[in-house]
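Peer 1: My questions will all concern the structure given below.
Bear in mind these aren't lab numbers, they're just calculated from the coordinates by the rules spelled out. Please read all numbers here as calculations on a predicted model, not as lab measurements. Note that each Cβ is placed from the backbone with ideal geometry, even for glycine, and that neighbours are counted across all protein chains shown.
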Amino acid sequence: MQRGVISMFRGLGVYVVAAGVLLVGLVSSQQLRAGDQPRVKELIKNTCASCHRFEGKPDSRFKLKAPDLMWAGSKYQRTWLIGWLIGKEAPLYAKGYRWDLSQEPAKHMTVSEAEANGIADYFEKHYKDRRVKVGAFDVSKVTAMEVEFGRGAYKAHACIGCHVIEENGTIVGGPQSASLVEAGRRYNMDWLYRFGQNPQDFTPHSGEFLADATDPQLRAVIGFLAVQGVKDFKYYEPWTSKEFKTASVDRGKLLYKEYCSQCHGATGHGDGPAASGLKPRPAVHANMAFDKLPMEYLYNVVNHGGRAVGKSTSMPYWGLTIGQRGVADVIAYLKATFKGGAEAAGAPSGVCPQPRNTQQAPSEFLAKANPLPASAEHVQAGRKLYMETAKPLACMNCHGTRGDGAGPLGGGLIPPPRNFTCGATMKDIPDGQLFWTIKNGSPGTGMMAFADMRDQEVWQLILYIRSLAQ
Ligand code: HEC
Ligand code: HEC
Ligand code: HEC
Ligand code: HEC
C-alpha cells in the first residue's frame, strides 16, 4: 500500500505530504473503532484532508489533488463507500485523477473496516449537502422503458465520450472522467439528480451536457445510471399500480372518444377523420385482441407512444396528456371492447402467395447471407425470441404462433404481417432483406424496428422463420 501511495504523490508532484503516509500506518495500527468519532475526525483531518478538500467552493479538477468531499455525506451509498475505503472497489479514474500530471492510476490508500465505518458515520453527520433534497429521485419507480430512454440520452448527450460504462460485458466509452460502471452501487441517487440539475454547483468544467435536457430526460439518465453495476435490478411496473387496479372502462370510453377516435375511428376501425394522410395507417383496433397482449407493451405504446416501441411517431405518447389514470382507463376500455376475431380490414394474412410491397433493403444488406448454420440449437434460439423474448414485442403477437400472420395484433394492421408459412412468397426474399426489415422495420407499415437486437439473434430468427415455410 505504502508504495502505491508514495508513487501517487510522486505523480502529483507532492512529496511533502509523504509524512501523512507514516501517520496512516500509525493510526491503523492502533485499531480504531467505528464509534470513536474524535479519532475518526483526527484521521480525516490529518490524512484524508492532505489530498481531499472538505470545505470551500467548487473548483477545477486541475487545481485539486483529489475529488472534493464536502458533500460526501450525501454523495455515496454506504456499502460502496466502505468498500472503496477498504480497497475492495474498482478504480474510478483509468488515467489517474490528474491525468495532466501522471498517466498512471494510483492505488488509493486503505483503512480498516472499522475505520471505514467510522468515516462513513462521520461523513453522514458532518458532510450532508443541504442542496440535495432527500427523496427527490425515487429509485423504486424506475421502469425498464425509462432506462432504455436513459441509455439513448446517455449516448445522445455525449456522456459516453468521457465516462465509461459496461455494455454486454465490455467496457465502452472514454476514460476521461469518473467511471460510471458501478454508478448504481456508488451514488446516492438524490445527490446524482441534484448534480445533474447543475453539475457546475459541484465541479466546474464537468460539462453542462445535461443543461438542455428536460426533467424527464434527466430522470431517465439517472434511471439508466441507477442500474449500472446492479445485478437483478427490480424495475417498477406501472401496470401494477393502483390506477390500474381501479381502472374504469366507462371513463376509458370517454377518453377513447376524445383522444383516440380521430385517428382510430369511433368504432375502432382505423377510419377517423385524421387517419387519411397517415402512413402507416392507424391500427384497426376492432380487429385486435387486446386481452392477449403483454401489458408491458400495451402500456408502453399508449403511455410512451409509437416511437418508444420502434413504431411510427404518428402514434402519440399519451402519458403527459391523460395521466396514469387515463392510460389505465383507456387500456381497460381497449381490453373490454376489442377482442379481435373479425376478418382483417386489408388483405387477410393467411393468403398465399401474399401480395408484397415492402421497400427494398439497401444493397449492402441485400448482399448479406446468414452466417449461421441451420442447427437445431440456432433454430430453437430463434423460436424463443419469436414466441417470447424479442423486445419491444415478441413476433408472434403479430405474425402468429404458426407464422401465418394471425397474432393478436395481426388482424388490425394494414398491410398485414408477412405470412411466413407461405413458401411461394418467402422463397423470393433474400436473407439480407429479412435482416434489414427486422433491424429497421418496414417503413410505412406496422412492422416495427428491432434496432437493439444483436446480429446473431436476428440471424437465429431468420433461421426460425425460414423453418416455417411450407
Ligand atoms: C494521497 C492522496 C489521497 C489521500 C491521502 C486520500 N485520498 Fe481519497 N482519493 C484520492 C484520489 C486521487 C481520488 C480519486 C480516485 C482515484 O484516483 O483513486 C480519491 C477518491 C476518494 C473517494 C471517491 C471520491 C469520488 O467521489 O470520486 C473517496 C470517498 C475518498 N477518496 C475518501 C478518502 C478518505 C476518507 C481518505 C482518508 C482516509 C482519503 N480519501 C485519503 C486521493 C487521496
Ligand atoms: C467532455 C467530457 C465530459 C462529458 C461529455 C460528460 N462529462 Fe461528466 N464529468 C466530466 C468531468 C471532467 C467531471 C468532473 C469529475 C472529474 O473531475 O472527473 C464529470 C463529472 C461527472 C459526474 C460526477 C462524477 C463524480 O463521481 O464526482 C457525473 C455523475 C457525470 N459527470 C455524469 C455525466 C453525464 C450523465 C453526462 C452526459 C449527460 C456527462 N457526465 C458528460 C466530463 C464529462
Ligand atoms: C394522430 C393519430 C393517432 C391518435 C390520436 C391515436 N393513435 Fe394510436 N396509432 C396511430 C397510428 C398511426 C398507429 C400505427 C403505428 C404503427 O403501426 O407504427 C397507432 C397504433 C396504435 C396501437 C397499436 C400498436 C401496435 O402495436 O400496432 C394502439 C394500441 C393505439 N394506437 C392506441 C391508441 C390510443 C389508446 C389512443 C388514444 C389515447 C390513440 N392510439 C390515439 C395513430 C394515432
Ligand atoms: C406490431 C406487429 C409486428 C411485430 C411485433 C412484428 N412484425 Fe414483422 N411484420 C409486421 C407487418 C405488418 C409486416 C408487413 C410489412 C410489409 O408489408 O412491408 C411485417 C413484415 C415482416 C417481415 C417481412 C420482410 C419483407 O421484406 O418482406 C419480416 C421478416 C418480419 N416482419 C419479421 C419479424 C420478426 C422477426 C419479428 C419479431 C422479432 C416481427 N416481425 C415482429 C408486423 C409485425
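Peer 1: To the nearest 0.05, how large is the calculated FRET efficiency for ALA211 and ASP36 if R₀ is 56 Å and r is the Cβ-Cβ distance?
Peer 2: Working: r = 44 Å, r/R0 = 0.78.
Plugging the Cβ-Cβ distance into 1/(1 + (r/R0)^6) gives 0.80.
Peer 1: Moving on. Do any cysteines in the chain lack another Cys Cβ under 4.7 Å, and if so which?
Peer 2: CYS48, CYS51, CYS159, CYS162, CYS260, CYS263, CYS395, CYS398
Peer 1: Amide H neighbours of MET447 under 5 Å, at least 5 residues apart or on other chains, H built in the peptide plane: list them.
Peer 2: Long-range HN contacts for MET447: SER442.
Peer 1: Multiply the residue gap between LYS128 and TYR235 by 0.36 nm, knock off their C-alpha separation, and tell me the result in nm, one decimal place. If you can, show how the numbers build up before the last one.
Peer 2: Working: separation 107, 0.36 × 107 = 38.52 nm, distance 2.84 nm.
Between LYS128 and TYR235, full extension yields an extra 35.7 nm.
Peer 1: Residues with amide H under 5 Å of TYR187's amide H, sequence separation 5 or more or different chain, H placed in the peptide plane at 1.01 Å from N; which?
Peer 2: Distant-sequence amide H within range of TYR187: GLN77.
Peer 1: Once fully extended, how much extra length lies between GLN470 and THR358, figured as 0.36 nm per residue of separation less the alpha-carbon to alpha-carbon distance? Walk me through the intermediate numbers first.
Peer 2: Numbers: separation 112, 0.36 × 112 = 40.32 nm, distance 2.12 nm.
Value of the extension gain: 38.2 nm.
Peer 1: Report, by chain and number, residues whose modeled amide H sits under 5 Å from the one on CYS422, excluding near sequence neighbours (fewer than 5 apart, same chain).
Peer 2: Counting only residues 5 or more places away or on other chains, the set is GLN470.
Peer 1: Tell me the angle of helix 319-337 to the major Cα principal axis of the chain, expressed in degrees between 0 and 90 and rounded to the nearest ten.
Peer 2: Helix 319-337 and the main axis of the chain meet at about 40 degrees.
Peer 1: So, one more: By count of other Cβ within 10 Å, fewest leading, how are THR267, THR170, THR203, THR437 ordered?
Peer 2: Values: THR267 14, THR170 8, THR203 18, THR437 22.
Result, fewest neighbours first: THR170, THR267, THR203, THR437.
Peer 1: Using a cut-off of under 11 Å, list every residue of segment 348-378 whose amide N is near the label point 7 Å from the Cα of ILE429 along the Cα-to-beta-carbon line.
Peer 2: Residues passing the 11 Å test: 354-359.
Peer 1: Through the Karplus equation 6.51 cos²θ - 1.76 cosθ + 1.60, θ set to phi - 60°, convert the phi angles of segment 64-77 into ³J(HN,Hα) values in whole Hz; use x for Gly and Pro.
Peer 2: 10, 9, 7, x, 5, 10, 5, 10, 4, x, 10, 7, 10, 7
Peer 1: Can you give me the orientation-averaged projected area of the convex hull built on the Cα atoms of the chain, in nm²? Present the calculation step by step, with values, prior to reporting the outcome.
Peer 2: Working: hull surface 107.1 nm².
About 26.8 nm², averaged over all directions.
Peer 1: Using a 10 Å cut-off around each Cβ, can you sort ARG325, ARG356 from fewest to most neighbouring Cβ atoms? Before the final figure, lay out the partial values.
Peer 2: Numbers: ARG325 18, ARG356 13.
Ranking ARG325, ARG356 by Cβ neighbours within 10 Å, fewest first, gives ARG356, ARG325.
Peer 1: Provide the FRET efficiency to the nearest 0.05 for the ALA94-SER140 pair, computing r from the beta carbons and using R0 = 30 Å. Don't skip to the answer; put the middle values down first.
Peer 2: On the way: r = 32 Å, r/R0 = 1.07.
It comes to 0.40.
Peer 1: Moving to a separate point now. Only counting other Cβ atoms within 10 Å, I'd like GLU296, GLU388 sorted with the fewest neighbours first. Show your work: numbers first, answer last.
Peer 2: Working: GLU296 19, GLU388 11.
In order of increasing Cβ crowding within 10 Å: GLU388, GLU296.
Peer 1: Past 31 Å, Cα to Cα, is the threshold; run LYS234/LYS292; LYS141/LYS335; LYS88/LYS234 against it and keep the listed order. List each step's numbers first, then the result.
Peer 2: Working: LYS234/LYS292 25 Å; LYS141/LYS335 25 Å; LYS88/LYS234 25 Å.
Flagged as over cut-off: nothing, all pairs pass.
Peer 1: Taking Cα atoms, how many degrees apart are the long axis of helix 455-468 and the longest axis of the chain, rounded to 10 and kept between 0 and 90?
Peer 2: Roughly 20 degrees between the two axes.
Peer 1: Express in nm, to one decimal, how much length is gained between VAL249 and LYS155 on full extension, taking 0.36 nm for each residue of separation and deducting their alpha carbon distance. Provide the component values of the computation, followed by the final result.
Peer 2: On the way: separation 94, 0.36 × 94 = 33.84 nm, distance 4.00 nm.
29.8 nm is the gain from fully extending VAL249 to LYS155.
Peer 1: In deg cm²/dmol and to the nearest 500, what is the mean residue ellipticity at 222 nm of the chain if only DSSP H runs of at least 4 residues count, each as -39500 (n - 2.57), divided by the residue total?
Peer 2: Values: 22 runs with 189 residues, N = 470.
Dividing the helical sum by the residues of the chain leaves -11000 deg cm²/dmol.
Peer 1: With a point put 7 Å past each Cα toward its Cβ, work out how far LEU278 is from GLU377 in nm, to one decimal.
Peer 2: About 4.5 nm, to one decimal.
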